[in-house]
Amino acid sequence: MNRQRIIAIFAALILTAGVAARADDIPLPDLSDAQPQVREKILASHARVEAGRGRSEAWGRYGMVLHAHSCLTEAAHAYAAARRLSPKEYRWPYFEAIVSQKVDPRRALELFDAARAIDPDYVPALIHRGRLLETLGDRVAAEQSYARAVELDPDSCPALLHQGKLALQNG
């Protein structure tokens, strides 16, 4: 066997091993108790990520499917991958924050702030951020978040509701 052929075979083995190892990077929840339609939807979305691993949209859509079926840990992983691939897209840190807020509220706050750094006028991020700040005990910052949301969208019922509830609690 000539040297070039040995190098080509060796390179192919390395690439194959790399692809196999990377397949483990795509989280797949335990689907043993899932309904057939749910299993099928998750597996189809997982396959799209495998086929387009470098595409943030594939990772983000996979995160959405997992999120919709309450696979929150795996969804957070998928959103984080989408965020790394498309750092200027506000949706991915926003959705990652949504699924992370109960498990790691401080991390979720960082992610809401990351989403706001990309799109500072996204009212839902301001509202969720305000609610999270309330949970963390920072009512002043929560009020500022709600006030900004109301300033941007004076008809936002959730922003007005949370701003009003906070005002009542503060007396």
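Counting just the residues of the stretch 32-90 that are of a type in the set (Lys, Arg) and assigned to a helix (DSSP H, G or I), which one comes out farthest from Pro120 (Cα to Cα)?
The qualifying residue farthest from Pro120 (Cα to Cα) is Arg39.
Being surrounded by fewer than 19 Cβ atoms within 10 Å (Cβ to Cβ), more than 30 Å from Ala58 (Cβ to Cβ) and at pLDDT below 95: is that true of Gln169 here?
Considered against the rule, which asks whether it is surrounded by fewer than 19 Cβ atoms within 10 Å (Cβ to Cβ), more than 30 Å from Ala58 (Cβ to Cβ) and at pLDDT below 95, Gln169 comes out as yes.
Residues Ala68, Ala47: which one is modelled with pLDDT of 95 or more and touching a Lys or Arg at 6+ places or on another chain (Cβ under 9 Å)?
Residue meeting the stated conditions: Ala68.
Under the condition of being of a type in the set (D, E, K, R) and in a helix (DSSP H, G or I), which residue from the stretch 104-128 is surrounded by the most Cβ atoms within 10 Å (Cβ to Cβ)?
Top of the filtered list is Arg116.
Would the stretch 46-56 turn up any residue that is touching an Asp or Glu at 6+ places or on another chain (Cβ under 9 Å), within 25 Å of Ala114 (Cβ to Cβ) and either of a type outside the set (Lys, Arg) or in contact (Cβ under 8 Å) with a residue 40 or more places away in the chain (or both)?
Yes - at least one qualifying residue is present in the stretch 46-56.
Taking the condition of a type in the set (Gly, Ala, Ser), free of Cβ contacts under 8 Å to residues at least 40 places away in the same chain, surrounded by fewer than 15 Cβ atoms within 10 Å (Cβ to Cβ) and touching a helix residue (DSSP H, G or I) at 6+ places or on another chain (Cβ under 8 Å), does Gly60 pass?
Judged against the criteria, Gly60 is not a match.
Quick check on Ala141: is it within 14 Å of the chain's Cα centre (by Cα) and part of a helix (DSSP H, G or I)?
When the stated conditions are applied, Ala141 does not pass them.
Out of all the residues in the stretch 85-95, is one or more of a type in the set (D, E, K, R) and more than 30 Å from Arg48 (Cα to Cα)?
No: zero hits.
The values are calculated or read from the model by the stated rules, or taken from the named source; none is laboratory data. In this text the structure is predicted, and so the values were computed from the model without any measurement. Backbone-built Cβ (ideal geometry, glycine too); neighbour counts: all protein chains shown.
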